[in-house]
Amino acid sequence: MHGVKHSVFLLLLAGALAAQQRINLHDRSWDEWQRRTGEQAPDFSKMRGQASLPDPLRMLDTGLPIATQAQWARQRGLIRAEYERWFFGKMPPAPDNLRAVVTRESDDGGVRLREVTLEFGPGRRGRLRVQLLIPPGKGPFPVFLTNHPRERPWVLTAVRRGYLGCVYLAMDPVYGYTDDSDAFLDVYPEHDFSVLARWAWAGMRAVDYLLTVPEADGKRIAITGHSRNGKQALLAAAFDERIAAVALSSGNTGEGTPWRYTSDPFVNESIEQITGNFPHWFHPRLRFFMGREHKLPVDQNLLMAMVAPRALLMASAWTEGQGAPWAWEQAYRSVRRVYRFHGAPDRIGLSLRAGEHATAAEDIERYLDFFDTAFGRASFPRPETVFYGFDYDRWQRRAGAIPEPPKQGTLPQRLRWALGEEPPGARYPARNRLQGAPRTSDGWPGVLYGRPLAINRVRAATLSFGDDLKGDLYLPDAPAAGKLPVVIWLHPYAHATGYSRWARPHIGPLVQRGFAVFAFDQIGFGSRVEQARRFYHRYPRWSLLGKMVADTRAAVDALAA
């Protein structure tokens, strides 16, 4: 399910679909843009490199700490300029001649449906269709703004909750609608804003209109969208301060996952993949940073910080293929510092659901819970799904006195100190045959990941080992004479999927060369993400790395049997 062949197929399919849409007025591919403009990569030797996330509370131009609201307002402008240059292209200014033409009104179950065409720009040649779903009762109503079509139940759920639903038809044609934003390129030929920027800019024009609608509460406008639509929702909310709340939803790379945590070791959607598959989503310049993510002058935590102090819900799934729970958590901690700076630490939430990329009905209800709380309509608990948090002071209170590192000790002694004190434990009684049902399980994530993985000319057996753990042993389909050499696969930083997803071929080619491969999830990854949450509360004198070493030793014991 998450293997190389599956991923390559999706990349090819996505690329075929993407090739039909324009990057800008002139180009449909990065190659066309590069040939036409002749633009070369920046001089990276003159750009500051930083592996960690950039600090949103230090000025981008001077590096000085931000202490006043005036400095923050200036920082917002600097962040926007960097995003328009490297990520999205330059957006046009807001038009001053917007006109709304109502094309149809009807009633559906007591809900008024109003279809409107917005006309704006030079000669009013810009067109954007908007659909309003107005609930019964006395307004004005808070607004649920999205570019999801009505066939998506999100907006219908919002209307039941007392929101005025507003859908703007700037969206991917894959949904079966014409993307009204494509024509913006012809109306504004001097602006090179990419598809995601055009969708977001369309959302801002919908806000222009909503501020003239008597039934709409212009001070309580919330925007959201899923996956690619989540990316544009974040961009609209970051750039337009009239939007009072935003819920991200599994946009991952280009939304809630910082670019610095999409490189090869993290095994999720990288700059190379996303700009290759969907060249029209971003400005072509972003492609220069493939493999140089640390040179980006800004990252997604800064874009999200632009929403502060307005309400921001960061939502994704910790088990989805392109998910990255550790990366989301790092971004959340960074952005929440900005909310604290504004005196609004409770106006940001992190909600990582257990499930796939697609949302369920309860997920949408939770987004609306967050909006209700932000708008003072109700009071729901603030979501905060964290797995990797570490509070040193709290840990030290539980751990007690820790011996100083041995200054003159041997290397093994110093390593043992770094790994912590492993609690005493008996060995798991390993089996010496592969037949029979396993005694342990990956839980429901193993089913989601499609384990054991289906690999051509490879068979799999399951082994129980260690502290109630399960691993999969991959063997040649045709039994070989004698014993096979074994490779224990210690996967990269694929937090959402553990060993099931990889950046380079590993299991199949190794098995076909005559090796057996044993794979299992490290603690904090894949099926064992939740184990990391309370590890230091349960084992205050041990370490996560020490646990990984112990699990690997247990795997060796099981294989030796």
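Derivation of every value follows stated rules applied to the coordinates shown; laboratory data play no part. Nothing here was measured: the structure is a model prediction, and the numbers come from that model. Here Cβ is always computed from backbone atoms with ideal geometry, including for glycine, and neighbour counts include all displayed protein chains.
Computed from the Cβ-Cβ distance with R0 of 35 Å, the FRET efficiency linking Val447 to Asp557 stands at 0.80. The slack in the chain from Glu105 to Asp467, taken as 0.36 nm per residue of separation less the alpha-carbon distance, amounts to 124.0 nm.
In this label model, Met59 and Arg160 are separated by 5.2 nm, measuring between points 7 Å along each Cα→Cβ vector.
Per residue, the average separation of C-alpha pairs within less than 8 Å and at least 6 apart gives segment 70-374 a relative contact order of 15 percent. If I require 18 Å or longer along the helix axis, counting alpha carbons, and a Kyte-Doolittle average no lower than 0.0, what helices from the chain are left? Use full DSSP H segments. Helices passing the filter in the chain: 4-18, 195-210, 544-560. Between Phe380 and Arg533, how high is the FRET efficiency from 1/(1 + (r/R0)^6) when r is the Cβ-Cβ distance and R₀ = 22 Å? Nearest 0.05. In this case the efficiency is close to 0.50.
Take every pair of alpha-carbon atoms less than 8 Å apart whose residues are at least six positions apart; their mean separation over the length of segment 407-560 yields a relative contact order of 26 percent. What is the distance in Å between the Cα centroid of segment 165-187 and that of segment 466-529? Taking the Cα centre of each part, segment 165-187 and segment 466-529 sit 44 Å apart. Taking a straight Cα-Cα cut-off under 23 Å and skipping sequence neighbours fewer than 8 places away in the same chain, the lysines within cross-link reach of Lys295 are Lys46, Lys90, Lys231.
Ranked by the mean number of other Cβ atoms within 10 Å of their residues, highest first, the peptides 54-64, 119-129 fall in the order 119-129, 54-64. The peptide list 494-500, 40-46, 442-448, put in order of mean Cβ contacts within 10 Å with the highest first, becomes 494-500, 442-448, 40-46. Length gained on full extension, Arg35 to Arg340: 105.2 nm, using 0.36 nm per residue less the C-alpha separation. Which of (i) 79, 57, 55; (ii) 80, 52, 43; (iii) 111, 50, 47 is the computed Cα extents along the principal axes in Å for the structure on display? The calculated read-out lines up with (i).
Which value in deg cm²/dmol, rounded to the nearest 500, describes the helix-derived mean residue ellipticity at 222 nm for the chain, given -39,500 (n - 2.57) per DSSP H run of n ≥ 4 and division by the residue count?
-9000 deg cm²/dmol
Scoring 481-493, 507-519, 73-85 by mean Cβ neighbours within 10 Å over their residues and listing the highest first yields 507-519, 73-85, 481-493. Spacing of the modelled spin labels on Lys219 and Ala399, each 7 Å from Cα toward Cβ, amounts to 4.9 nm.
Modelled label positions at Met548 and Glu362, each set 7 Å beyond Cα in the direction of Cβ, lie 3.2 nm from each other.
Within segment 407-560, the ratio Rg/Rh, alpha carbon atoms throughout and Rh by Kirkwood, equals 0.99. Farthest towards the positive end of the charge dipole of segment 262-334, among the residues Asn277, Thr262, Gln300, is the Cα of Gln300, using unit charges on the Cβ of Lys, Arg, Asp and Glu. Here segment 317-435 is treated as an ellipsoid with the same Cα gyration tensor; its semi-axes, largest first and in whole Å, are 40, 25, 13. For segment 70-374, the alpha-carbon radius of gyration amounts to 0.95 times the rule-of-thumb value 2.2 N^0.38 Å expected for a compact globular protein.
Using 20 Å as the cut-off for backbone N distance, which residues of segment 217-246 belong to the label zone defined by a point 7 Å from the Cα of Ala94 along Cα→Cβ? Only 217-224, 232-246 fall inside the zone, counting backbone N under 20 Å.
FRET efficiency for Asp182 and Met47, Cβ-Cβ distance as r, R0 = 35 Å, nearest 0.05?
Rounded to the nearest 0.05, the efficiency is 0.60.
Distance from the Cα centroid of segment 394-455 to that of segment 316-361 is 27 Å (rounded to whole angstrom). Antiparallel beta bridges, as assigned by DSSP with both residues in segment 70-374, represent about 50 percent of the total such bridges.
Length gained on full extension, Arg431 to Arg85: 118.6 nm, using 0.36 nm per residue less the C-alpha separation.
Under a Cβ-Cβ cut-off of 15 Å, what is the net charge of the residues other than Leu448 that fall near it, where Lys and Arg count +1 and Asp and Glu count -1? Neighbour charge sum, excluding Leu448 itself: -1.
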